[in-house]
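These notes concern the structure reproduced below.
The values are calculated or read from the model by the stated rules, or taken from the named source; none is laboratory data. Bear in mind the structure is a predicted one, so any value in this text is a computation, not a measurement. All Cβ positions, glycine included, derive from the backbone under ideal geometry; neighbour counts span all protein chains shown.
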């Protein structure tokens, strides 16, 4: 058989999906697995969204849409960005795509070329580095720490910037840490970037509505970044519409036009039915989404309390998103079966096999996260209690030598 391209040979598979699939396989074999791997709300979309989708089907909205999305949906996104984020983008500077991931991919393809560098503060969602590599670019992974709140500091950014830096990727609230940048912190990063006018900022704001602090400022709201920032958001997390695949980006007109051209030659357009439903989603009463967030906030407290009850577990409280990122490194080096636990992959495998609790290993999110696991609390109280109760028992048994 003829060979495959170099880009496919170097592409790393998603460890989140891999761990979730392993948990599914074990569950299919009859085991009771408390799976907290995937970042997917366990709610259904709001009723007005589902009704709008049904109405769109009944009315025959089953044809290709404009590549950039229905004009009325682009207008609705424009209003949302102004109303909720203080960002003034006309509809002509908005593009609708097949999920936020598609928006990110289009933006990176438009901005990054062979040999260009993209700075990615880690821990971070692994897809950022992979789409940079697909564009021929070089991911520059800059570690952050729990002591820094898992946020990029100006001095670290300054050390990483070079003449080849084309892009800085920011995600606030963060996957996997839940870290949220304050406006002064963004202004400090913007001051560093003033010396590098050719560097763009790609801001992933898909968790922006899921926050436990008063605000999540957008980098595009910083005046010195406004004309070189591309803002990406979507409805998967905020409106529990993961399978509907709707995301959107906004930015300077030349960049958006380039993304539209790319999309026209790849996916063509997002689903017509999902777009009609998304128009209703953006008109959903805020109280409906607030109820989702209130549920996440309660689960956050429940899960954090359970983790803090385990001796030697360290945790930084997330300010947004629906993940906890505890540090379990105190348990590295302890014996399990015929070997010692040496990595976050080992820890995740140990907890899956011995506790029947599925988490994503910290190694999936880049260097500096060894010994951590990502835990999604976008799940029922019962599943959270089962996963973390079993985790406590397994870790206490590990410390006592029960698995040697």
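Residue 18 passes all but one of (1) touching a residue at least 24 places away in the same chain (Cβ under 8 Å); (2) within 24 Å of the chain's Cα centre (by Cα); (3) under 19 Å from residue 359 (Cα atoms); which number fails?
Answer for residue 18: the failing condition is (1).
Mind checking whether some residue in the stretch 388-396 is surrounded by fewer than 19 Cβ atoms within 10 Å (Cβ to Cβ), closer than 26 Å to residue 147 by Cβ and modelled with pLDDT of 95 or more? I'd like the intermediate steps shown before the answer.
Let us first name the residues in the stretch 388-396 that are surrounded by fewer than 19 Cβ atoms within 10 Å (Cβ to Cβ), namely 389-390, 392-393, 396.
Within this subset, residues satisfying the condition of being closer than 26 Å to residue 147 by Cβ are 392.
If we keep only those that are modelled with pLDDT of 95 or more too, we end up with 392.
Looking through the stretch 388-396, at least one residue is surrounded by fewer than 19 Cβ atoms within 10 Å (Cβ to Cβ), closer than 26 Å to residue 147 by Cβ and modelled with pLDDT of 95 or more.
On the given criteria, is residue 291 part of a helix (DSSP H, G or I), under 23 Å from the mean Cα position of the chain (by Cα) and under 30 Å from residue 396 (Cβ atoms)?
Numbers: part of a helix (DSSP H, G or I): yes; under 23 Å from the mean Cα position of the chain (by Cα): yes; under 30 Å from residue 396 (Cβ atoms): no.
Taking the combined requirement at face value, the residue does not satisfy it.
Please tell me if residue 382 is at pLDDT 95 or above, under 25 Å from residue 212 (Cβ atoms) and either in contact with a helix residue (DSSP H, G or I) (Cβ under 6 Å, 6 or more places away or on another chain) or assigned by TED's automatic domain parsing to the domain that holds residue 27 (or both).
Values: at pLDDT 95 or above: yes; under 25 Å from residue 212 (Cβ atoms): yes; either in contact with a helix residue (DSSP H, G or I) (Cβ under 6 Å, 6 or more places away or on another chain) or assigned by TED's automatic domain parsing to the domain that holds residue 27 (or both): yes.
It is true that residue 382 is at pLDDT 95 or above, under 25 Å from residue 212 (Cβ atoms) and either in contact with a helix residue (DSSP H, G or I) (Cβ under 6 Å, 6 or more places away or on another chain) or assigned by TED's automatic domain parsing to the domain that holds residue 27 (or both).
Read through the list (1) in a loop (DSSP other than H, G, I, E, B); (2) closer than 22 Å to residue 67 by Cα; (3) over 14 Å from the mean Cα position of the chain (by Cα), then give the number of the only condition that residue 206 fails.
The single condition residue 206 does not satisfy is (3).
Please give the helices (runs of 4 or more DSSP H) falling wholly within the stretch 24-127 in which 3 or more residues are crowded, with 16+ Cβ neighbours inside 10 Å and not assigned by TED's automatic domain parsing to the domain that holds residue 209. Steps first, please.
Working: elements: 47-58, 71-85, 100-111.
So the answer is 47-58.
Scan the stretch 239-250 and give yes if some residue there is free of Cβ contacts under 8 Å to residues at least 40 places away in the same chain and in a loop (DSSP other than H, G, I, E, B), otherwise no.
no
For (1) surrounded by fewer than 18 Cβ atoms within 10 Å (Cβ to Cβ); (2) in contact with a helix residue (DSSP H, G or I) (Cβ under 7 Å, 6 or more places away or on another chain); (3) at positive phi, each residue gets a yes or a no:
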residue: 214; (1), (2), (3): yes, no, no
residue: 222; (1), (2), (3): no, yes, no
residue: 232; (1), (2), (3): no, yes, no
residue: 268; (1), (2), (3): yes, no, yes
residue: 276; (1), (2), (3): no, yes, no
residue: 298; (1), (2), (3): yes, no, no
residue: 302; (1), (2), (3): yes, yes, no
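Give me the pairs: first residue in the stretch 39-67 and more than 30 Å from residue 360 (Cα to Cα), second residue exposed (fewer than 14 other Cβ atoms within 10 Å of the Cβ) and at pLDDT 95 or above, beta-carbon distance under 7 Å, and six or more apart or on different chains, which are they?
64/268; 67/264; 67/268
Which members of the stretch 129-188 meet the condition of being assigned to a helix (DSSP H, G or I) and closer than 22 Å to residue 370 by Cα?
Filtering the stretch 129-188 for residues assigned to a helix (DSSP H, G or I) gives 129-134, 146-148, 154-160, 183-188.
Within the stretch 129-188, 129, 130, 146, 147, 148, 156, 157, 160 qualify.
Counting just the residues of the stretch 338-363 that are in contact (Cβ under 8 Å) with a residue 60 or more places away in the chain, under 21 Å from the mean Cα position of the chain (by Cα) and in a helix (DSSP H, G or I), which one comes out surrounded by the fewest Cβ atoms within 10 Å (Cβ to Cβ)?
Filtering the stretch 338-363 for residues that are in contact (Cβ under 8 Å) with a residue 60 or more places away in the chain, under 21 Å from the mean Cα position of the chain (by Cα) and in a helix (DSSP H, G or I), the one surrounded by the fewest Cβ atoms within 10 Å (Cβ to Cβ) comes out as 363.
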